[in-house]
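Taking it in order: structure first as structure tokens, then the write-up.
Nothing in this text is a laboratory measurement; each read-out follows from the coordinates by a stated rule. Just so it is clear, the model here is predicted, and its values are computed rather than measured. Here the Cβ positions follow ideal geometry from the backbone for every residue, glycine too, while neighbour counts run over all protein chains shown.
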Amino acid sequence: MSATSVKDLIEKPELDEDSALTKAKHFVGDYGLGILFIGVLVFLSIASPHFLNSENIWNVLRQASIVGVIALGMTFVMITAGIDLSVGSIVGVTGILVAKAAPDGTSAVIVPIIVGIGVGALIGFINSAMIVWGKILPFLATLAMLALARSAALVISGGTVVSGLSEPFQKIGSGYVGPVPAPVVIFFGAAVLTDFVLSRTKFGYHVYAVGGNEESAQKVGISVGKTLFGVYVLTGVLAAVSGIVLTARLNGGVPLSGTGYELQAIAAVVIGGTSLFGGIGSIRGTVLGVLLIGFVLNGMDLLNVSSYYQQGVQGLILVLAVLLNRWRSD
């Protein structure tokens with residue numbers, strides 16, 4: 001047997017193994033989350049007779065929609081290799097200001113929406129200004145804004161709930177569009193819009209380019225600063241939309257509302273396949289991540305799993321998602 005044939009026999013299994021591993025990574029990347037989601041639904045439908053009840057499904061979707069809207073914006077941020085820890089506080093301060101702009105006994109609905117979106121856009125602008133002009137790391141800039149916005153909510157409200165909203169405004173959180181709850185319509189409508197922006201527009205291309213390699217993006221003429229401004233303003237606006245929906249649903253502004261939402265949103269985005277290092281991610285993956293967390297938490301409630309374990313389960317799912325994403329990228 002020649003030396004060449006011996007070498008071929010030695011190396012061929014390695015090539016086959018590499019090829020199989022590559023195929024496995026592609027399969028997991030393309031279908032893994034969807035298969036896991038379907039598996040969770042099947043398991044919970046068998047484990048609990050109440051899971052597939054239409055009222056329960058709508059309730060899960062309604063609850064998931066609040067954090068889901070925030071997660072859509074967080075997807076843009078994390079694709080640029082950034083992070084926004086201020087989104088939960090944006091929900092809180094937006095809720096207070098919106099509640100004050102929509103007092104009971106009036107027909108106010110447009111003005112409070114404009115106020116809320118304006119607040120979110122302003123905070124997003126300040127975040128991006130600190131990051132782009134001040135050269136502050138996104139983690140530190142948005143951590144500072146988390147404290148500032150939460151403090152503003154407490155000061156403006158005096159630490160109390162601003163209750164009693166106009167009936168038209170309440171319908172944003174408690175109304176229906178046909179048989180579908182309004183928050184669910186808002187979430188999926190925002191998902192369709194942001195998916196189009198991220199996957200079909202020049203701005204979306206710039207977001208991926210900046211996250212993939214900032215220096216290369218600059219060399220091909222992409223304005224990194226403008227892209228980051230757009231991303232953080234968009235994230236602030238979507239967090240404000242979440243605050244508007246939550247306030248309408250609660251019929252009042254709560255200064256501490258939104259606490260912890262930033263962590264839930266980040267978890268959903270990572271579980272949905274967005275890389276912590278930027279350049280990779282999708283809105284569709286994020287939507288699946290939001291729904292997966294929502295149904296898992298609901299299933300634990302139905303199965304009477306102690307609330308002491310539920311945050312631990314979320315943490316475990318997040319760790320597994322990070323490890324899986326790292327394995328896929330190696």
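Just a few scattered comments:
- Here the contact order of the chain, divided by its residue count and restricted to Cα pairs under 8 Å and six or more residues apart, works out to 31 percent.
- Pairs from Lys23/Lys202; Lys202/Lys226; Lys100/Lys226 whose Cα-Cα separation, in the structure shown, is over 23 Å: Lys23/Lys202; Lys100/Lys226
- Given charges at Cβ of Lys, Arg, Asp, Glu: the chain dipole, positive-most of Gly273, Val155, Gly32: Val155
- Overall form of region 187-253 per C-alpha gyration tensor (a/c, 1.5; a/b vs b/c): prolate
- Exposed loop sites are taken as chymotrypsin sites (Phe, Trp or Tyr not before Pro) in a DSSP loop (any state but H, G, I, E or B) with at most 16 other beta carbon atoms within 10 Å; the longest stretch of the chain without one runs 134-276.
- Loop-located trypsin sites (Lys or Arg not before Pro) in region 95-168 (DSSP state not H, G, I, E or B) with no more than 16 neighbouring Cβ atoms inside 10 Å: Lys135.
- Sorted on the mean count of surrounding Cβ atoms within 10 Å across their residues, most packed first, peptides 110-121, 213-224 read 110-121, 213-224.
- Positive-end residue, the chain charge dipole about Cα centroid, Cβ charges, pick of Leu44, Ala20, Leu137: Leu137
- Relative to the Cα centre, the charge distribution of the chain, modelled as +1 at Lys and Arg Cβ and -1 at Asp and Glu Cβ, gives a dipole magnitude of about 640 debye.
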